[in-house]
Amino acid sequence: MNPLTQPVTPKATFRIVTVLLISATVLGAAWLGWRKYQSRTLTVAETRKAIRSYLHKQSGVKEFKPTTAEPSTNSASADDESRKQKRRRGDAPQEKLAGEFRRSVDEANSYPTIYRLIGENLARVDLLLSSNTVPHTETATLLAADACRVALDSAVNGWLSARIAEGYLWPQVDFVGAHEKDLRRLDTERLLDITDQAFKAAGETKNVTQNYRLLIAKSNQGNKADKARFRLGRYLEDAGDFAGALEVLLEMKATNNAGLQRRIASIQQQLAMQQK
């Protein structure tokens with residue numbers, strides 16, 4: 001007798017169903033685990049690795065060599081006045097490196113070339129950061145900011161710009177805050193404005209919100225913090241997060257402002273309608 005033509009017994013059916021259910025459960029758990037792993041918050045090192053991997057694929061280059069111009073060889077105890085004079089003359093090492101990078105991007109005739117230039121620029125950033133000196137960290141931060149802008153403006157790649165902001169600019173916020181008087185092209189507000197543009201271009205609401213929160217926390221003057229709260233409130237309101245917008249606006253210090261009170265009342269009304 002051909003066993004394939006015989007009816008399946010209830011016992012065999014039970015076994016088949018059990019195996020299928022176990023397989024589906026295992027596959028489902030594995031899929032959920034993978035999704036959770038993929039959506040996890042990356043460390044700075046993991047973010048930089050993801051950037052390099054992406055740039056390798058987009059440029060077709062297996063290894064990025066740092067840009068050829070030499071950075072400052074000054075130590076952490078370098079003469080500050082000499083550095084300031086160089087900055088005023090526009091011949092500071094970071095200005096030369098940044099200028100070379102921007103000129104190369106302007107002359108690029110393809111996206112793979114732009115991605116290669118970004119990769120080489122970030123390789124220089126990694127090298128400078130490894131020295132752990134103030135002049136080199138300053139140069140690295142300025143070059144990373146340029147890379148973030150180039151990724152958005154020239155490569156038209158919001159995701160890449162956001163990852164550079166996340167992996168290279170956010171980690172430098174404390175450094176910039178501690179050396180604002182010495183930096184020519186960056187301060188905390190300007191740095192976080194660059195990251196803000198990157199995250200908005202990538203449509204990353206969570207990072208935009210975190211960026212504003214970081215700006216609020218780093219604002220020494222009350223009016224600057226209130227300005228950031230107002231902008232965050234507007235952003236959350238436009239995104240339909242009326243509860244979040246209301247929470248932010250209620251944190252503002254200038255509570256006697258009539259315009260602010262009208263705005264709060266309007267959001268409260270929209271929130272009430274949303275909750276019906």
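The values are calculated or read from the model by the stated rules, or taken from the named source; none is laboratory data. Keep in mind that this is a model prediction, so the values were computed, not measured. Cβ placement follows ideal geometry from the backbone for every residue including glycine, while neighbour counts extend to all protein chains displayed.
Quick look at the numbers
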read-out: Qualifying positions in segment 141-169 - free of Cβ contacts under 8 Å to residues at least 60 places away in the same chain and under 20 Å from A228 (Cα atoms); value: A162, A165, L169
read-out: Segments classed as helices (runs of 4 or more DSSP H), wholly inside segment 89-155, with at least 1 members that are within 17 Å of the chain's Cα centre (by Cα) and not basic (K, R); value: 111-131, 134-153
read-out: Of the criteria (1) of a type outside the set (V, I, T); (2) in contact (Cβ under 8 Å) with a residue 40 or more places away in the chain; (3) touching a Phe, Trp or Tyr at 6+ places or on another chain (Cβ under 6 Å); (4) more than 21 Å from A140 (Cα to Cα), which one A201 fails; value: (3)
read-out: Among (1) part of a loop (DSSP other than H, G, I, E, B); (2) out of contact with any Leu (no Cβ under 9 Å at 6 or more places or on another chain), the one test that Q269 misses; value: (1)
read-out: Exclusive hit being over 27 Å from R190 (Cβ atoms), surrounded by fewer than 19 Cβ atoms within 10 Å (Cβ to Cβ) and either of a type in the set (G, A, S) or modelled with pLDDT under 90 (or both), set A243, A254; value: A243
read-out: Residue that is nearest to the chain's Cα centre (by Cα) [pool: residues in segment 251-266 that are among the hydrophobic types (A, V, I, L, M, F, W, C) and closer than 12 Å to F230 by Cβ]; value: M252
read-out: Where a residue in segment 250-274 is free of Cβ contacts under 8 Å to residues at least 24 places away in the same chain and its partner, wherever it lies, is of a type in the set (A, V, I, L, M, F, W, C), with Cβ under 6 Å and at least six apart; value: I264/L249
read-out: Verdict on A140 being crowded, with 22+ Cβ neighbours inside 10 Å and over 20 Å from S59 (Cα atoms); value: yes
read-out: Near pairs, Cβ below 9 angstrom, 6+ apart or cross-chain, from segment 120-140 (more than 20 Å from K49 (Cα to Cα)) to any residue that is crowded, with 24+ Cβ neighbours inside 10 Å and among the aromatic types (F, W, Y); value: none
read-out: Selection from segment 243-263 of residues that are among the hydrophobic types (A, V, I, L, M, F, W, C), within 17 Å of R213 (Cα to Cα) and part of a helix (DSSP H, G or I); value: A243, A245, L246, V248, L249
read-out: Filter result for A76 (at pLDDT below 70 and surrounded by 12 or more Cβ atoms within 10 Å (Cβ to Cβ)); value: no
read-out: Filter result (buried (at least 18 other Cβ atoms within 10 Å of the Cβ) and outside any helix (DSSP H, G or I)) within segment 208-240; value: S219
read-out: Count of residues meeting criterion [in contact (Cβ under 8 Å) with a residue 40 or more places away in the chain and within 27 Å of R52 (Cβ to Cβ)] in segment 180-198; value: 8
